[in-house]
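Novice: For reference, the structure I am asking about is given below.
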Amino acid sequence: MQNIVLVGFMGTGKTTIATAVANRLGMRYVSTDDLIEKKEKSTINEIFQKKGEDYFRAVESSVIRDVSCMENQVIDTGGGAVIRGENVSYLKSSGIVICLAADEEAVMERTKKYKHRPLLNCDDPKRKIRDLMAKRAPYYAKADYTLDTGKLTARQVVDEIVRLAEDMKKAKE
Ligand code: S3P
């Protein structure tokens, strides 16, 4: 089975949905953020603080290149993974890329109680979310499909991804 790759802004539910899809389809759940933390033996906050975002992006690209060589995985990517074209190429070559979308308010609501996202640990996270979303919109638009998580229940999102993955499998047979 080819991979199912979830991309999308922080707080769009990628981890919850990817875990549920992996369980449903008996596929391996892989988080690029977890792999980065393992590889660097540091949290993402520490990597941003001590080595900076460019360093983080370089590690993220190398992790994406590695996971894209393996099959039968549901890959949960970090929200900024799409900003490098090479990442999108590797991910697309490994399977179907699905973007989870949500509006600014929903993202703010879902992220405000957490402190593990360095980009949102700032004075005005709402503004940061708005700016980053606008900047990244053209990159998220490169996904094969987009699902609006604000309009669907988690169950419906999972069902839709399973349907898309089954269609992809049939098309390849
Ligand atoms: C980031 C999103 C995070 C993580 C890092 C940077 C981003 O992942 O990779 O904090 O640039 O949007 P989540 O989308 O899983 O929060």
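A short reminder: the numbers here are calculations on the coordinates, not readings from a lab. All figures in this text were calculated on a predicted structure; none of them were measured in a lab. Ideal geometry is used to build each Cβ from the backbone, glycine not excepted, and the neighbour counts take in all protein chains shown.
Listed here are the residues, each with its yes/no results for (1) among the β-branched types (Val, Ile, Thr); (2) touching a Cys at 6+ places or on another chain (Cβ under 8 Å); (3) closer than 22 Å to ALA143 by Cβ.
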| residue | (1), (2), (3) |
| --- | --- |
| ALA58 | no, no, no |
| SER62 | no, no, yes |
| SER68 | no, no, yes |
| GLN73 | no, no, yes |
| GLY79 | no, no, yes |
| ILE83 | yes, no, yes |
| LYS92 | no, no, yes |
| GLY95 | no, no, yes |
| TYR114 | no, no, no |
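Novice: Right, next: Pull out all pairs, ordered by first then second residue, where Cβ-Cβ is under 7 Å, the residues are six or more apart or on different chains, the first lies in region 94-111 and is without any contact (Cβ under 8 Å) to a residue 60 or more places away in the chain, and the second is surrounded by fewer than 17 Cβ atoms within 10 Å (Cβ to Cβ) and not in a helix (DSSP H, G or I).
Specialist: Partner pairs satisfying both residue conditions: ASP103/GLY150.
Novice: Pairs needed: first member in region 4-18, without any contact (Cβ under 8 Å) to a residue 60 or more places away in the chain; second member anywhere, more than 9 Å from the ligand (Cβ to nearest atom) and part of a strand (DSSP E or B); C-beta distance under 8 Å; at least 6 residues apart or different chains.
Specialist: Listed pairs, sorted by first residue: ALA18/ILE4; ALA18/LEU6; ALA18/TYR29; ALA18/VAL74; ALA18/ILE75.
Novice: Given the criterion more than 15 Å from the chain's Cα centre (by Cα) and within 28 Å of ARG163 (Cα to Cα), identify the matching residue among SER93, SER62, SER31, SER42.
Specialist: Values: SER62 fails: within 28 Å of ARG163 (Cα to Cα); SER31 fails: more than 15 Å from the chain's Cα centre (by Cα); SER42 fails: within 28 Å of ARG163 (Cα to Cα).
Of SER93, SER62, SER31, SER42, the one residue that is more than 15 Å from the chain's Cα centre (by Cα) and within 28 Å of ARG163 (Cα to Cα) is SER93.
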